[in-house]
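Each reported figure results from applying straightforward, stated rules to the coordinates on display, with no laboratory input. Only a predicted model underlies this, so the values are computations on that prediction, with no experimental measurement involved. All Cβ positions, glycine included, derive from the backbone under ideal geometry; neighbour counts span all protein chains shown.
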Amino acid sequence: MRRWISLILGLLLLTGCAPVSAENGGKFSTTESATVENAAAAVKTQRLTVVLNGCIAYEVDSAGGSLKTAIAAADLVVFLAGDLVPDDLSGETQAWQADLSTDDRATMDANWPGVYRCARDICDDPAAQQGLLDDAGVTTDFSAMDLTDVPAQLDEMNTALLSLQRK
């Protein structure tokens, strides 16, 4: 995850969007710092969008729905355990949901409870979920990951998604 941020920051420097000048001791100016921060925030939002889109890329009642749910949940856990989580996870999640079409919102409403439950199960006991994850083709070693903050983040997302679902 840090590689992506480094890559983007490097690209910004190479393209001249965030030049470092000798005049200010090689440090970013306020404008340049804001540009880098905005780029990093955009990457976080884009990654969240990709992960959440995985939650609506299938219909839970379709063939292989439980395996697709496990894949979406695993991707979500990996994302939340990483470095690219938006500072305003709840707000960004709600913004993503608000932009969904009626059909996609219905799919999310149907799929989310299973994704949420599976993601929580992965955090609570990765070893107990290993069979399902293996069947789904997920190769991530969750037992080697620091999942300490992930359940609270999942709860935050759950609250955000359910609050718009009720409206």
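Express in nm, to one decimal, how much length is gained between Glu156 and Ala95 on full extension, taking 0.36 nm for each residue of separation and deducting their alpha carbon distance.
20.6 nm
Report the extension gain between Met145 and Ala57 in nm, rounded to one decimal, defined as 0.36 nm multiplied by the number of residues separating them, less their alpha carbon distance.
Stretched out fully, the Met145 to Ala57 stretch lengthens by 29.1 nm.
At a Förster distance of 25 Å, what's the computed FRET efficiency of Ala42 paired with Ser66, Cβ-Cβ distance as r, to 0.05?
E(calc), rounded to 0.05, equals 0.15.
Please report the spacing between the Cα centers of region 82-100 and region 55-71 in Å, no decimals.
21
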